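Have a look at the structure that comes next, please.
Nothing in this text is a laboratory measurement; each read-out follows from the coordinates by a stated rule. Since the structure is predicted, the reported quantities are computational estimates derived from the model, not experimental observations. In this analysis, Cβ positions are derived from the backbone assuming ideal geometry, glycine residues included, and neighbour counts consider all displayed protein chains.
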Amino acid sequence: MEKLNNLFTNHYVIPESWLWAIFGVVVLILLAWDLFFFNRKNEVPNFMHTLVLCIIYILAACVFGVFIMYEEGVDQGMLFFTGFLVEKSLSLDNIFVISVIFANLGIPRMYQHRVLFWGILGALIMRGVLIALGGALISNFHWVLYLFSAFLIYTGGKMLFEKQKKEEVSFENTKIAQFVSKYFHVTSKLHSEHFFVKENGKHYMTPLFFALIMIETMDVIFALDSIPAIFLITDHIFIVYTSNIFAILGLRALYFLLEAAVHKFTYLKPALSIILIFIGLKIFAPYLGLELQPWHSLSVTFGLLFGAMVLSILKPARIKA
């Protein structure tokens with residue numbers, strides 16, 4: 001490990017403001033490339049299209065992680081990869097919920113990528129706000145980390161022992177739907193890719209925009225799980241935000257790739273539960289005389305996720321009718 005650290009030390013260190021600028025440019029290039037090159041038309045993405053897109057986003061995250069190792073040190077790079085893996089795994093729940101939202105609102109696949117693109121843009125902003133608030137809380141009240149820890153242990157335990165429920169969800173009866181319908185004109189009819197339409201002199205919100213509102217709301221709810229997890233991995237704001245954003249940047253492509261198969265990874269949720277409990281307990285390691293290094297966290301996270309996916313493929317669980 002020391003030899004690996006020495007490999008990245010003899011170079012000019014870029015100031016952190018430039019690191020943020022480089023990250024911003026990379027994100028803009030990826031978004032522009034995704035929007036204007038891969039999704040120029042409203043059409044159903046095919047398997048090869050989404051597979052290539054997923055691979056490119058993952059490779060971009062890996063290259064950026066190596067760049068962080070070069071600039072910030074190997075330990076920081078390992079923390080980036082740990083955070084990225086945890087956030088990427090937690091996003092699988094987003095995929096299931098997004099699928100349910102689209103199904104209930106009757107959004108055709110050819111328009112779903114438009115909703116998801118703007119949803120991810122909104123998520124970039126909201127994650128930034130929530131991470132900034134979390135960082136401010138931790139810097140002023142360090143004991144908040146213990147609350148994060150307790151919350152993650154509780155969440156992981158609940159995920160591990162609760163029974164899987166498959167219920168038909170109707171978003172028309174939710175408080176969000178009632179609030180939107182009360183204060184805005186909403187139409188249940190699709191108007192191609194438009195979010196708003198003007199009829200009889202009034203502007204109406206289409207199901208596409210309503211789906212966008214639901215997806216943004218659910219992302220904020222999921223962020224309440226994921227952001228405490230990443231802050232318990234590292235309190236370095238640059239690592240926290242970049243790992244978080246790289247994990248959700250490829251969410252749209254991952255959705256189209258896995259929407260029909262996400263339920264087949266039956267052992268992924270228990271593995272993720274154990275990871276959340278492990279991250280939550282890490283804060284108590286020094287009190288037990290244990291010194292956990294960044295590579296320990298990365299090894300545990302990667303090992304559990306990889307093992308769960310392999311086990312899901314080799315030994316699929318029986319699904320009751």
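Within a Cβ distance under 10 Å of Gly250, other residues only, what is the Lys/Arg minus Asp/Glu net charge?
Net local charge, Gly250 excluded: +1.
Test of understanding: what is the full-extension gain from Glu199 to Lys315, defined as 0.36 nm times their sequence separation minus their Cα-Cα distance?
Contour length minus Cα-Cα distance gives 36.4 nm.
Once phi is turned into ³J(HN,Hα) by the Karplus curve 6.51 cos²θ - 1.76 cosθ + 1.60 with θ = phi - 60°, what whole-Hz value does each residue of the range 136-144 show in order, with x for glycine and proline?
Residue by residue, the range 136-144 yields 5, 4, 5, 5, 9, 9, 4, 5, 4 Hz.
Return the FRET efficiency for the residue pair Tyr287, Val129: r is the Cβ-Cβ distance, R0 is 25 Å, and the value is rounded to the nearest 0.05.
In this case the efficiency is close to 0.15.
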